[in-house]
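Below you'll find the structure, written out as structure tokens, and then a few comments.
Quick note: the coordinates plus some simple rules give every number you see, no bench work behind them. Being a predicted model, the structure only gives us computed values, none of them experimental. Because the Cβ atoms are built from the backbone with ideal geometry, glycine has one as well, and the counts that use them run over all protein chains shown.
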Number of protein chains: 2
Amino acid sequence: MKKSPAQEAWRLLWDFMLENRRRFLHAVAELGLSPPQAFALRHMDPDRPVTMSELADVLFCDASNVTGLVDRLEARGIVERRADERDRRVKTVVFTPEGLELRERIVALMNEPPPAITGLSRKDQQALLEIFERATATAA
Amino acid sequence: MKKSPAQEAWRLLWDFMLENRRRFLHAVAELGLSPPQAFALRHMDPDRPVTMSELADVLFCDASNVTGLVDRLEARGIVERRADERDRRVKTVVFTPEGLELRERIVALMNEPPPAITGLSRKDQQALLEIFERATATAA
DNA sequence: TATTGTTATACTCTATAACTATA
DNA sequence: TATAGTTATAGAGTATAACAATA
């Protein structure tokens, strides 16, 4: 049974993502962070406070887990909790100055394309970019 | 500062992978498996015994963790440990009949391309496939 | 009453170090 | 001595359920 282009492309993408997962785990560990912590810090916008529940949504986990995650980041002086002024049930999380530095490193690290991408021809990179623009538009 | 095609493509790929991570976590949870368990079962070949250390390598974790992971899969009747005949230090892991059924479901589920891929034109899918063939070759 | 975040609990993942049995 | 796997331990992620404060 012949595989469709979609299935074949998907298989190659899986391999690519698995390899990338290895790179990610390694890089994140070097920064002394767990994967969820790295995801959270990457998502946090220095210019916009993020709520606990928003982090839970991003991390795709139960809200109860975010309490401990932010506790640990707060204990390390990376972030701080702030009370929301309009709704006092809500707590927001913001960076400390040290946290901002760490975030810069995380973002720089995650924004660096892997060898599989940088090794492609400029033309392939451009085509890849355009295809994924269409893919994102389709899925949304 | 203008972003390069590689950086731009990488950013889109990252979003794609995050969305895929959500799909994966959801699907795996529905099968009653943890992500590492799913990775392990997907990697295991029904026709070829896999060693504990090979699983540790695939999961990108310390070998000591594989003991507990396989313990739990074994307790659920999904896999069985076998002693290697040539080197009695080595243990291999094989599927039980029930495990084989579960593996079929996992593989079928993971092989299913996401909407972002199936929604692309046949031409885009073909181009994507070819680009990732070159990307994989380059990285290796 | 409903929502946000926390606490309590139990289970899994993870790394490190020490151990065993084999080689 | 070296290697494969295990055990012991500690810390972190995860879900569920119950709870407090606020809306």
- Query: If you take the residues in the stretch B:70-108 that are within 14 Å of chain A (Cβ to nearest Cβ) and surrounded by 12 or more Cβ atoms within 10 Å (Cβ to Cβ), which one is farthest from DNA strand D (Cβ to nearest atom)?
  - Reply: B:V107
- Task: Exactly one condition in (1) within 14 Å of another protein chain (Cβ to nearest Cβ); (2) outside any loop (DSSP other than H, G, I, E, B) is not met by A:C61; state its number.
- Result: (2)
- Report yes if some residue within the stretch A:30-41 is among the aromatic types (F, W, Y), away from every other protein chain (no Cβ under 14 Å) and farther than 20 Å from B:K3 by Cα; otherwise report no. no
- Message: Residues to consider are B:R72, B:R134, B:R82; find the one that is of a type in the set (D, E, K, R) and under 30 Å from A:K123 (Cα atoms).
- Response: B:R134
- Item | Hits in the stretch A:33-69 (condition: touching a His at 6+ places or on another chain (Cβ under 9 Å) and either within 7 Å of DNA strand D (Cβ to nearest atom) or without any contact (Cβ under 8 Å) to a residue 12 or more places away in the chain (or both)) | A:E54, A:L59, A:F60
- Task: List every residue pair whose Cβ atoms sit under 9 Å apart, with the two residues 6 or more apart in sequence or on different chains, where the first one lies in the stretch B:115-129 and is facing chain A (nearest Cβ under 7 Å) and of a type in the set (S, T, N, Q) and the second, anywhere, is part of a helix (DSSP H, G or I) and surrounded by fewer than 16 Cβ atoms within 10 Å (Cβ to Cβ).
- Result: B:T118/A:T138
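Residues checked against (1) acidic (D, E); (2) near DNA strand C (Cβ under 9 Å from one of its atoms); (3) not in a loop (DSSP other than H, G, I, E, B):
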residue	(1), (2), (3)
A:M1	no, no, no
A:D15	yes, no, yes
A:N20	no, no, yes
A:L25	no, yes, yes
A:P36	no, no, yes
A:L41	no, no, yes
A:L55	no, yes, yes
A:N65	no, yes, yes
A:G68	no, yes, yes
- Is it the case that B:R82 is of a type outside the set (A, V, I, L, M) and in contact (Cβ under 8 Å) with a residue 24 or more places away in the chain? yes
- Could you give every pair whose Cβ atoms fall below 9 Å, whose first residue belongs to the stretch B:86-100 and is of a type in the set (D, E), and whose second residue is surrounded by 14 or more Cβ atoms within 10 Å (Cβ to Cβ) and not in a helix (DSSP H, G or I), counting only separations of at least 6 or pairs across chains? B:E98/B:R76; B:E98/B:I78
